[in-house]
Every structure is written in C-alpha cells, then in structure tokens.
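Below is one structure, written out as structure tokens; comments come after it.
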Amino acid sequence: MKQCTHADALPHPDPEPLSETCPECLRDGTHPVQLRLCLTCGHVGCCDSSPGRHATEHHKDSDHPIMRTFEPGENWRWCFVDHVLV
C-alpha cells in the first residue's frame, strides 16, 4: 500500500485557518462546494467539485503537500503529491 512521505514534516498542531471560507471564491463570486485546509500554511480553499478548485490550485502554486477537510464532522487528510489519504 502506498503511503504519504510528507506527513512527518507537518507542523503540530495544525496551522490556524487564515479564513473561514475560500477567499478566491469570494473574490470570484463563486460558491465553494466544500472547503479544504492547507496543513502547511492554513490557506482555506475549495474542493475539486467547486468551480475554482482553489485547494488544488494552492497546492500547485505553493507545493504544500497535504490538506485536510475543513468540513464539520469530517477529519480526513489528503496528500496531493503521493495521491493517498493520510
């Protein structure tokens, strides 16, 4: 089974969210479907089901490897680099 090679480098505790919603969606006037939190810097971005796919865009721009869901009641994490749940 493939494993994430980036989880050990994450800050502890998780970074504080920089916003309550996706700032790029607010800027663009679009609605995020679900939110994701970058575990390197705290950027909040929308998921790939949203029009802007801003969490993935943030990863591509920053090379920050892991995000977690920013939805109430959910706690999974995803590594963009290794393409696995963390």
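From the set of residues in the stretch 64-86 that are assigned to a loop (DSSP other than H, G, I, E, B) and either open to solvent by less than 30 Å² (accessible area, probe 1.4 Å) or touching a helix residue (DSSP H, G or I) at 6+ places or on another chain (Cβ under 8 Å) (or both), which is farthest from residue 17 (Cα to Cα)? First the steps, then the outcome.
Let us first name the residues in the stretch 64-86 that are assigned to a loop (DSSP other than H, G, I, E, B), namely 64-65, 70-76, 80-83, 86.
Applying the additional criterion that residues be either open to solvent by less than 30 Å² (accessible area, probe 1.4 Å) or touching a helix residue (DSSP H, G or I) at 6+ places or on another chain (Cβ under 8 Å) (or both) yields 64-65, 80, 82, 86.
Numbers: 64: 15, 65: 16, 80: 19, 82: 23, 86: 19 Å.
Step by step, filter the stretch 64-86, then rank; the result is 82.
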Task: Tabulated pairs, the stretch 41-63, first over 21 Å from residue 12 (Cα atoms) and assigned to a strand (DSSP E or B), second open to solvent by 20 Å² or more (accessible area, probe 1.4 Å) and of a type in the set (Asp, Glu), C-beta under 8 angstrom, 6+ apart or interchain - done: 46/24
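Of the residues 56, 40, which single one is open to solvent by less than 20 Å² (accessible area, probe 1.4 Å), modelled with pLDDT of 95 or more and polar (S, T, N, Q)? Quick ask: steps written out before the conclusion?
Details: 40 fails: open to solvent by less than 20 Å² (accessible area, probe 1.4 Å).
One residue alone meets the criteria, 56.
Among what's in the stretch 1-34 and is part of a loop (DSSP other than H, G, I, E, B) and among the hydrophobic types (A, V, I, L, M, F, W, C), pick the residue that is surrounded by the most Cβ atoms within 10 Å (Cβ to Cβ). First the steps, then the outcome.
From the stretch 1-34, those part of a loop (DSSP other than H, G, I, E, B) are 1-6, 10-22, 29-34; that's our starting set.
Restricting the remaining residues to those that are among the hydrophobic types (A, V, I, L, M, F, W, C) gives 1, 4, 10, 18, 22, 33.
Details: 1: 3, 4: 19, 10: 18, 18: 12, 22: 27, 33: 14.
For the stretch 1-34, the residue satisfying everything is 22.
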Open item on the list: Six or more apart or on different chains, Cβ atoms under 8 Å: show the pairs whose first residue is in the stretch 15-30 and within 13 Å of residue 58 (Cβ to Cβ) and whose second is assigned to a helix (DSSP H, G or I) and open to solvent by 50 Å² or more (accessible area, probe 1.4 Å).
Closed with: 24/57
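The values are calculated or read from the model by the stated rules, or taken from the named source; none is laboratory data. It should be emphasised that the depicted structure is a prediction, and the values quoted were computed from it without experimental measurement. Cβ atoms come from the backbone with ideal geometry, glycine included; neighbour counts cover every protein chain shown. These accessible areas exclude ligands, DNA and RNA; they are computed on the full protein's heavy atoms, side chains included. Shrake-Rupley method; radii C 1.70, N 1.55, O 1.52, S 1.80 Å.
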